[in-house]
Amino acid sequence: MQITVLSGSPKGDDSVTLQYVRYMQKTFPDYDYNIFHVARQIRKLERDDKALQDIVDKIVLSDAVIWCFPLYYCLVCSQYKRFIELIFERKKGEAFRNKYAVSLSTSVHFFDHTAHNYIHGICDDLEMKYLGGYSAEMYDLVRSRERARFVQFAGNFLKSVERQVPVSKQFPPLVSSEFVYEPGPARQAVTAGNKKILVLMDEEKEYGNIRKMIKAFRGNYVHDIEVISLTSIDIKGGCLGCCQCGLDNVCQYQGKDGYIDFYNEKVKTADIIVFAGEIRDRYLSSRWKQYFDRSFFNTHIPTLKDKQLAFLLSGPLAQLPNLQEILSAYAQFQQGNLAGIVTDEGEDYICLDELLGDLAGRLVELAQQGYVHPINFLGIGGMKIFRDEVWGMLRLVFQSDHRYYKQHGYYDFPQKDFKTRRMNFFMMLMTKIPAFKKKFLKMIEKEMVKPLKNVVKNK
Ligand SMILES: Cc1cc2nc3c(=O)[nH]c(=O)nc-3n(C[C@H](O)[C@H](O)[C@H](O)COP(=O)(O)O)c2cc1C
């Protein structure tokens with residue numbers, strides 16, 4: 001049985017994730033594994049169609065494909081995303097049809113599910129038979145219980161391929177639109193005052209809906225606002241995952257391209273940032289992904305705190321709840337306020353003019369108020385993962401995060417809360433007394449709401 005492994009780490013052979021495949025190879029040696037470092041070699045694959053075709057030819061001969069990748073910003077890295085784009089752009093999709101597939105990742109479990117959902121969706125688009133995803137924590141392989149679990153997963157995967165098990169699809173094909181937007185007159189006359197607005201955009205088409213949406217959006221401001229195309233930024237390449245930035249936020253690319261200066265001088269100084277672009281496959285473009293990945297020189301420190309954020313998107317966002325979640329997670333992790341997302345899906349010029357006008361006004365109003373929407377499970381859960389990781393395993397490499405987390409009170413572990421611990425200890429003992437327990441159970445409801453009622457009463 002032939003298995004093609006599409007390795008999605010920029011680190012190639014030194015990839016943490018790849019070690020899981022190597023372990024699988026040793027555990028199940030009677031299979032042929034063809035490993036391709038598609039993320040590391042993306043430049044070559046873009047340039048040299050023969051090199052890409054060699055991989056595709058192997059896939060044609062394979063029984064199954066392992067999508068093996070590290071998590072990068074809730075998805076795969078930009079180089080891997082580009083590989084996926086190449087499959088569709090160069091019309092190589094047929095080779096993947098009816099092949100069994102699994103996704104295998106390592107990460108710290110921060111939005112690992114959205115990356116697996118993405119790959120699952122891509123597998124469904126390619127009409128592959130997706131057998132599931134395995135999301136390992138980076139060092140699971142050194143833990144015997146986790147090793148055993150992984151071996152079971154890999155064994156079941158191989159068995160399923162041998163048995164040719166039936167598989168159902170989860171993600172319906174995306175329905176795209178031919179709608180061409182023609183902007184009408186501006187709906188608002190907004191004065192941004194001292195609020196600095198930055199629009200970042202990526203659009204392949206010369207004058208597609210994104211450029212027109214930006215034009216209409218921009219027209220609502222009395223003064224001109226800054227619009228920067230990602231293609232105009234000097235970016236030499238994607239994040240290499242070296243983590244050299246961990247000690248003091250100095251990236252390996254420092255002084256070698258313009259990205260870091262751009263991020264520090266333009267992005268960090270803006271009050272309002274609008275991200276604009278087309279949906280490509282089930283995410284934005286790989287260039288957008290490169291922009292997000294490269295911002296990792298800030299490691300796990302939020303850099304868009306209190307800023308107003310918005311997205312102008314062309315494409316079927318309503319059909320992509322996974323992407324919606326990624327965009328919300330990004331804003332929440334960055335501690336910015338996701339003020340709105342406007343897409344061209346409504347296929348209605350007038351409505352789109354109004355939405356863009358309203359967004360233009362709302363962004364400034366919210367910036368003036370300094371409003372940031374409360375975070376939900378996405379932001380709270382995510383921050384707790386980072387807090388625990390930076391406190392523990394990641395601290396040595398990510399020393400700069402540790403300093404920031406310490407200074408900003410991120411280490412809010414409950415064990416430091418001595419008052420609550422004392423109270424819990426005493427009250428838990430008391431609830432062992434039957435008479436007190438009876439009274440306590442009757443009190444719970446009233447006591448729970450008491451502090452809130454007091455606030456309402458004193459208003
Ligand atoms: C740019 C960048 C972004 C990352 N984003 C995430 C993330 O969103 N979620 C997560 O859990 N881990 C994230 N990580 C951690 C990596 O997924 C993790 O270290 C992985 O094991 C690296 O695997 P590799 O050695 O195979 O490249 C990120 C790392 C880098 C360098």
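All of the numbers you see were taken from the coordinates with simple rules; none came from a lab. None of these values were measured; they are calculated from a predicted model. For neighbour counting, all protein chains shown are included, and Cβ atoms are generated from backbone atoms with ideal geometry for every residue, glycine included.
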Estimated 222 nm signal from helices in the chain, with DSSP H stretches of n ≥ 4 weighted -39500 (n - 2.57), rounded to 500: -13500 deg cm²/dmol
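Between the DSSP loop rule and a limit of at most 16 other Cβ atoms within 10 Å, which GluC sites (Glu not before Pro) in segment 381-459 are left?
none
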Spin-label pair Leu174/Asn424, simplified geometry with 7 Å Cα→Cβ offset, distance in nm: 4.5
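First measure r as the distance between the Cβ atoms of Asp140 and Gln254, then evaluate 1/(1 + (r/R0)^6) with R0 = 30 Å and state the FRET efficiency to the nearest 0.05.
Values: r = 33 Å, r/R0 = 1.09.
Between Asp140 and Gln254 the formula returns 0.40.
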Dipole magnitude of segment 188-253 about its Cα centre (Cβ charges: Lys, Arg +1; Asp, Glu -1), debye to nearest 20: 280
DSSP beta bridge pairing in the chain, given as percent antiparallel to the nearest 5: 5
Relative contact order, percent, segment 2-163 [alpha-carbon distance under 8 Å, six or more residues apart]: 24
Taking His223, His373, His116, His402 and counting other C-beta atoms within 10 Å, the order from fewest to most: His223, His373, His402, His116
Farthest toward positive dipole pole in the chain [+1 Lys/Arg, -1 Asp/Glu at C-beta], among Tyr405, Gly277, Asn424: Asn424
Segment 168-244-segment 30-50 distance, computed between alpha-carbon centres (Å): 32
Reachable aspartates and glutamates from Lys453, criterion Cα separation under 15 angstrom, eight or more residues apart if same chain: Glu445
Exposed-site-free run, longest, the chain (rule: chymotrypsin sites (Phe, Trp or Tyr not before Pro); DSSP loop; at most 16 other C-beta within 10 Å): 208-370
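Count neighbours as other Cβ atoms within 10 Å of each site's Cβ, and list the trypsin sites (Lys or Arg not before Pro) in segment 266-318 that are DSSP loop with at most 15 such neighbours.
Of the trypsin sites (Lys or Arg not before Pro), the ones in loops of segment 266-318 whose Cβ has at most 15 other Cβ atoms within 10 Å are Lys268, Lys305.
Could you give the dipole magnitude of segment 417-457 about its Cα centre, charging the beta-carbon of Lys and Arg +1 and that of Asp and Glu -1, in debye to the nearest 20?
It works out to roughly 140 debye.
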Volume per residue that the Cα convex hull of segment 2-163 spans, once the total is divided by residue count, Å³: 97
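Relative to the present Cα-Cα distance, how much length would full extension add between Glu89 and Asn34 at 0.36 nm per residue of separation?
My answer for the length gained is 17.5 nm.
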FRET efficiency, Glu182 to Asp358 (Cβ-Cβ, R0 22 Å, nearest 0.05): 0.70
Alpha carbon convex hull of the chain, volume per residue in cubic angstrom: 203
Within segment 287-323: backbone nitrogen closer than 20 Å to the His373 label point (7 Å, Cα to C-beta): 302-323
Largest-first ellipsoid semi-axes for segment 211-287, taking √(5λ) over the Cα gyration tensor eigenvalues, angstrom: 28, 17, 11
Efficiency of FRET from Cβ geometry, Gln244 and Lys266, R₀ 35 Å, rounded to 0.05: 0.90
Nearby aspartates and glutamates by direct alpha-carbon distance to Lys195 (threshold 16 angstrom, same-chain neighbours under 8 apart not counted): Asp224, Glu226, Glu265, Asp271, Asp306, Glu365
Test item: Cα-centred dipole of the chain, Lys/Arg +1 and Asp/Glu -1 on Cβ, debye: 2700
Full-extension gain in nm, Glu445 to Thr303, via 0.36 nm per residue minus C-alpha separation: 47.0 nm
Normalised per residue, the volume of the convex hull around the Cα set of segment 1-54 (Å³): 62
Counting all C-alpha pairs of segment 417-457, share separated by more than 13 Å (%): 64
Spatial separation of Cα centroids for segment 284-362 and segment 84-159, in angstrom: 27
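Which of the trypsin sites (Lys or Arg not before Pro) found in segment 1-94 are loop residues per DSSP with 13 or fewer other Cβ atoms within 10 Å of their Cβ?
Working: sites: Lys11, Arg22, Lys26, Arg40, Arg43, Lys44, Arg47, Lys50, Lys58, Lys81, Arg82, Arg90, Lys91, Lys92; in loops: Lys11, Arg40, Arg90, Lys91, Lys92.
In loop regions of segment 1-94 (DSSP not H, G, I, E or B), the sparsely surrounded trypsin sites (Lys or Arg not before Pro) are Lys91.
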Cross-link table Lys58/Lys169; Lys305/Lys406; Lys205/Lys266; Lys91/Lys289, entries beyond 19 Å C-alpha to C-alpha: Lys58/Lys169; Lys205/Lys266; Lys91/Lys289
Residue among Ala367, Ala329, Met383 farthest towards the positive dipole end of segment 319-389, charges placed on Cβ: Met383
Relative contact order, percent, the chain [alpha-carbon distance under 8 Å, six or more residues apart]: 14
